[in-house]
Structure formats: structure tokens, C-alpha cells
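Chemist: Sharing a structure here in C-alpha cells format.
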Amino acid sequence: MKNSPVIFIKELSEQDRPFMLNHFLGLSPSDRRLRFGAALPDEAVSRYVQRIDFTRDTVFGVYESTYNLVGVGHLAFLDPVSLPALEGERTDRVAEFGVSVSAPMRRKNVGTKLFDRAAIHCRNHHVNTLYIHCLASNKPMLCIAEKAGMKIHKDHGEVDGYLHLPGPDSESFRREHAEEKAASLDYALNGRMRNAVRWLRNPVSPEKVVKSSNHPENPPSY
């Protein structure tokens, strides 16, 4: 069984906007439909990216070593009055989460990792409800929501999901700080942090080291 890939999640900013646009434009029509509720044309995707307000919302991304974004999670902070009521409840602070993952990185927990990072961020900023809205056919998002223990409400082919979050604590602050620091370092080193983690996961056995030293691939010339 192969190890899951090393995933570092970085908080994005204005300078990442062009990479976000490339990511969304790379989604197929069916993937755009799942992400946005409709198969948006390129012009509409471009408008969506340009309208993201990084001073209000929070966006997370997963970069490849080639500086391509392969996963994007968008937290939009909402007025709870505008949302469908959950068992008659209203909450003070709500964030809606949307996520997209490039096709080659599917089934590698990228979406789940982005969701987990978004949940920690919400806790640390005293947002007590994480909300999703998606099509009922969006199985990846529903899988993420169900694993997280969200309360799911389906109606006319659409889904509303709510997750009540605990408040922050020292561990939530430590975890978010450590994850952001690791992701920023990995980005600066162009992916070399991931290679180091892979090496630590699969250390070379002494037998292989001895064998390699006895049979070098490129023996020295004298």
C-alpha cells in the first residue's frame, strides 16, 4: 500500500490570484459544475477569481513543486440570516467552505485536508459554524462533510451542511501556526520539504546502503 502524498496547505493572498485562476480554468465543465453549481464559462470563472476579497475571506491552497495550485479551499464569511435555518437555530459567525481539486490529485485526501485546515482556522477566529452548499451529485464534497460529522439537509437536488465548531485552544493555535509555517517553507524551497518528509517516512535500510556502496551505479574513473 502506497503512502498518502505529503500535503502542505498554504494560506493564499493577492499574489496567488493568477495561480488560482489557472487552477479554476483547468477544471473540466463537469468539475466546474460541482464546484460552482453550474458549468461556468471562462469569463465567469475569471470574474469569480477577481472578485475574491482577501481582506474579508480566507483562501487556502496546495501547491505542487512546479508552483501549480492543485487544490483550493475558499472560506467566505456570511451573514447567518441569509442561510437556511438549522433546526431553528441562528449563529453569530458562519463561514461557507468551497473546494476544488485538480484531477491528478483526486482520492489523495487533498479536499479533506483543506477542509480540516479551514475548520481549524474558523475555530481560531471564533467562527462557530462551518457551512457548505453543493449539488447532491457532488459525492466528493458529501464524503468530506460526512467524515467531518456535518448535519446534512438535502432538498431538490441540493445539499446544505452545517458543522458546529468548538472554540479555540492552545492546540488549535499551535497546529495552524505549524501547518502554515511548514507550507510557507515548502513553497520557498520549491517542494523540497515534501521530499524530506517522504524520505523520513521511507528511510533507506542499512542493507540497501551497503548494497549501493558495493555496487555504485556510476563507479569512479581513475
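Chemist: Net charge within 15 Å of Lys139 by Cβ-Cβ distance, Lys/Arg positive one each and Asp/Glu negative one each, not counting Lys139 itself?
Modeler: +3
Chemist: Could I ask something else about it? What residues of the stretch 105-135 lie in the reach of a label at Ala178, counting those whose backbone N is under 16 Å from a point 7 Å from the Cα along Cα→Cβ?
Modeler: 117, 120-121
Chemist: In nm, what is the difference between 0.36 nm times the number of residues separating Asp42 and Arg106 and their Cα-Cα distance?
Modeler: Difference between extended and current length: 20.8 nm.
Read-outs: derived from the displayed coordinates by stated rules, not from any lab. Source: prediction; values computed, not measured. Note: ideal-geometry Cβ built from the backbone for every residue, glycine included; neighbour counts use all protein chains shown.
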